[in-house]
Amino acid sequence: MQAPDFSLSGKTALITGSTQGLGFEIAKAYAASGARVIINGRSESRVMRAVRGIEAGGGRAEPLVHDVGDLAEQAKVFEQLCSRSGTPDILVNNVGVRLRKSLGESSAEEIQALIHVDLIAAMHLSKLAAQRMAQDGLAGRIITLTSIADRVARPGDAIYAVAKHGLAGLVKALAVEYGPAGITSNGIAPGTFATESNVQLADDPVQGPRVLGRNPLERWALPHEIAGAAVFLASPSASYVNGHILVVDGGFSVAF
C-alpha cells in the first residue's frame, strides 16, 4: 500500500502577502515540507525579515517585493520572477485587506479599493500563473484563501464578504478552466484565527465573546493551525482534489 505523500520537495511556491499572519505560516510550512518559497510583500524590510526567518529554520526562501494590487506592473514582475527562479509550481493567493464598515457607510472608492486588492488582483495573478504552468507543462496548484465570509456574512463587514464570495467563484472557475491542463484550483476558508489583523475583533467587548460563544471549540485558532490544510492541498496527496474549498474554522460555520 502506498503511503500518502505530503512532500513538497523540488517545488517552488509563491505566497502573496507572506510576511506575517497566515501567509507567513503557510510559507514556513511549505519550506519545512521541502519547497522553495517566494516571500511577497510591499515592504522590503518586512519581506527580508520573513526570508531570514525561513532561512533560520533551515528552509529556502527568496524575496519578491511587489504590490500585487499594482496590475500595471504585475505581469512584468511575474515574468521577471519566472525568468529568475522558474515558474512557480504553487501559487497561494493570500493577500487581503479588510474594512470593518457597513456597506451604507462605505464610499465608492473604499468599495473599489477592497474589491481590487482582494479579488481582482488575485484573478489576474492566477491567470498569469495558470498560463505559465500550462505552457511549461506543470501539474500546478493554485490555492486561494477565501474565508468563512465566502458563505456567511455579518453586519459591518459587507465588502469583505462580497470579495470572498467572489474568490470562492474564482476557485471553481480556475478548476474547470485549467483542470484539463493538469492544474488544480482549491481554496481554504479560515475561520477566526488569532492573527495580527484580528486583534481588534478579539478585543471587542461584544464581538470577541460572541465569536468564542459560537465556535464549538470555544477558542480562536492559532496561526500555525492553517498549515496542515495548506500543505495537503499543495501536495501529491491532493492530486485529485479540484474546485474544493476546505473550511478550517473549528465548526464555526456549521453552528447556530
*asked:* If I go through region 104-144 residue by residue, how many of them are farther than 19 Å from Y240 by Cα and either of a type in the set (V, I, T) or not in a helix (DSSP H, G or I) (or both)?
replied: 9
*Of the numbered conditions (1) free of Cβ contacts under 8 Å to residues at least 40 places away in the same chain; (2) in contact with a Lys or Arg (Cβ under 9 Å, 6 or more places away or on another chain); (3) charged (D, E, K, R), D150 satisfies every one except a single condition; which is it?*
(1)
*asked:* Quick check on my filter: what residues within region 209-224 are under 14 Å from G191 (Cβ atoms) and either in a helix (DSSP H, G or I) or touching a strand residue (DSSP E or B) at 6+ places or on another chain (Cβ under 7 Å) (or both)?
replied: R210, V211, L212, G213, R214, W220, A221, P223
_Regarding region 237-253, can at least one residue be identified that is assigned to a helix (DSSP H, G or I), modelled with pLDDT of 95 or more and closer than 21 Å to A31 by Cα?_
yes
*Here is a list of conditions, (1) surrounded by 13 or more Cβ atoms within 10 Å (Cβ to Cβ); (2) free of Cβ contacts under 8 Å to residues at least 24 places away in the same chain, and G104 meets all of them except one; can you say which number that is?*
(1)
*V117, sole failed condition from (1) touching a Phe, Trp or Tyr at 6+ places or on another chain (Cβ under 7 Å); (2) modelled with pLDDT of 95 or more; (3) not polar (S, T, N, Q)*: (1)
*With respect to the numbered conditions (1) under 25 Å from G182 (Cβ atoms); (2) touching a helix residue (DSSP H, G or I) at 6+ places or on another chain (Cβ under 8 Å), which one is the sole condition not fulfilled by E110?*
(1)
*Pick from region 148-195 the residues that are in contact with a Pro (Cβ under 9 Å, 6 or more places away or on another chain) and outside any loop (DSSP other than H, G, I, E, B): which of them is nearest to S106 (Cα to Cα)?*
I148
*Would you mind telling me which numbered condition in (1) among the small types (G, A, S); (2) more than 14 Å from the chain's Cα centre (by Cα); (3) assigned to a loop (DSSP other than H, G, I, E, B) G96 fails?*
(2)
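Conditions (1) touching a helix residue (DSSP H, G or I) at 6+ places or on another chain (Cβ under 9 Å); (2) over 29 Å from A130 (Cβ atoms), marked per residue:
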residue: R46; (1), (2): no, no
residue: G58; (1), (2): yes, yes
residue: P63; (1), (2): yes, no
residue: Q80; (1), (2): no, no
residue: G86; (1), (2): no, no
*Take the residues in region 15-60 that are touching a Lys or Arg at 6+ places or on another chain (Cβ under 6 Å) and more than 16 Å from S235 (Cα to Cα), then tell me which one is surrounded by the fewest Cβ atoms within 10 Å (Cβ to Cβ).*
R60
*Which of the following residues is at pLDDT below 95 and either closer than 21 Å to I38 by Cα or touching a Lys or Arg at 6+ places or on another chain (Cβ under 7 Å) (or both): V65, V162, V97?*
V97
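The values are calculated or read from the model by the stated rules, or taken from the named source; none is laboratory data. From a predicted model like this one, the values you see are computed outputs, not experimental measurements. Positions of Cβ are generated from backbone atoms using ideal geometry, with glycine treated the same way; all protein chains shown enter the neighbour counts.
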